[in-house]
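*Asks:* My questions all concern the structure below.
Each value in this text was obtained by applying a stated rule to the coordinates, not by laboratory testing. Everything quoted here is computed from the prediction, not taken from an experiment. So basically every Cβ, Gly included, is an ideal-geometry build from the backbone, and we count neighbours across all protein chains shown.
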Amino acid sequence: MSSSFIAPIASLRLLLTACLTLLVVGSSGLQGREIRTIYLPGGCDLIPKAYLVGKETSIEVELPTRNLSSPVSLPKGDLILAALPSPPTEEGEIPRGAPQVKIPESWTRCILIFLGDRGNSVFPVRVMVVNASNEHFPVGSTIIYNLSNTTILGQFGKKQVRLEPGKSKSFSAPIDKFGGYPVAIDCLPRGEQKPRAVCRSFWQHDPESRQILFVIPQEGTVLPRVWGVLDRNMDKDKNDS
């Protein structure tokens, strides 16, 4: 799953590990610029963590599969970061072909979605970047990513959403307070004229959370799977506990 790297000297490795641990553990509840991460294996092996490496930057991030990670702080400026499976070498060399992400300085929050990709020999992932800044992805809203090869037709309360394969769309909540709303999601497989039912449910809306939905293909069927995660305020979670 990873390329061969020259191990740094023991003292440097200990120092780097200590610094990265501080970044991960001490970053929850930060008021400044931050990222959160999640990993969707998609048939690939589980990957517990990754390293985001750029000019004078090396950050360790966790890759949970069911929820978003705790927030991790980012340095200022426009960033181009390579995703690696191991800490950078002592020389700081980044292997050719490593997945890269671009994060503009204007983004105060972002979410990195790691997707399993066996085609990358350096690190078997590709990374999608979500601008989760409040002005772009407001609290209470939803963003949906269609990662399947079928067209999605969604009814969220009174809101209707049509999403072609490989596309994404954001929309405000169907209700403006805490409560439930009906959801109906269909898919329209290629070559078919009649939609097929994927989901019929009643969802709960939290006006203090952002919702991210993924439409993911399933092996052996044209029907995709709809999977979601909440981007909640970490400080609020702590206060409520």
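*Asks:* Which trypsin sites (Lys or Arg not before Pro) from region 137-176 combine a DSSP loop assignment with at most 10 other Cβ atoms within 10 Å?
*Replies:* Values: sites: Lys158, Lys159, Arg162, Lys167, Lys169; in loops: Lys158, Lys167.
Those that pass, being in a loop and sparsely packed, are Lys158.
*Asks:* Taking region 62-108, which GluC sites (Glu not before Pro) meet the DSSP loop condition and have no more than 11 other C-beta atoms within 10 Å?
*Replies:* Within region 62-108, the qualifying GluC sites (Glu not before Pro) (loop, at most 11 other Cβ atoms within 10 Å) are Glu91, Glu93.
*Asks:* Distance from a point 7 Å along Cα→Cβ of Phe202 to each backbone N in region 149-165: keep the residues under 18 Å and list them by number.
*Replies:* Within reach of a label on Phe202, which here means backbone N under 18 Å from a point 7 Å along Cα→Cβ, region 149-165 contributes 155-159.
*Asks:* Something else about it: Filter Lys102/Lys177; Lys158/Lys194; Lys49/Lys76; Lys55/Lys167; Lys49/Lys167 down to the pairs with a C-alpha to C-alpha distance above 29 Å, please.
*Replies:* Check vs 29 Å cut-off fails for Lys102/Lys177; Lys55/Lys167.
*Asks:* Mind checking which aspartates and glutamates have their Cα closer than 18 Å to the Cα of Lys159? Skip sequence neighbours fewer than 8 apart in that chain.
*Replies:* Output for Lys159: Asp176, Asp186, Asp206.
*Asks:* Let me ask another. Below 13 angstrom from the Cβ of Pro75, what's the summed charge of the other residues (Lys, Arg +1; Asp, Glu -1)?
*Replies:* -1
*Asks:* Suppose each label sits 7 Å from its Cα in the direction of the beta carbon; what would the Glu105-Glu90 distance come out to in nanometres?
*Replies:* Label at Glu105, label at Glu90, 3.5 nm between them.
*Asks:* Continuing with the same structure: Quick check on packing: order 76-87, 215-226, 190-201 by the mean number of other C-beta atoms within 10 Å, highest mean leading.
*Replies:* The most tightly packed comes first, giving 76-87, 215-226, 190-201.
*Asks:* Next question, about the same structure. For region 138-241, calculate the relative contact order in percent as a whole number, restricting contacts to Cα pairs under 8 Å that are 6 or more residues apart.
*Replies:* Across region 138-241, relative contact order equals 29 percent.
*Asks:* Once the piece of chain linking Ile175 and Arg225 is laid out straight, how much longer is it, given 0.36 nm per residue of separation minus the C-alpha distance between them?
*Replies:* On the way: separation 50, 0.36 × 50 = 18.00 nm, distance 2.44 nm.
Going from the current span to full extension adds 15.6 nm.
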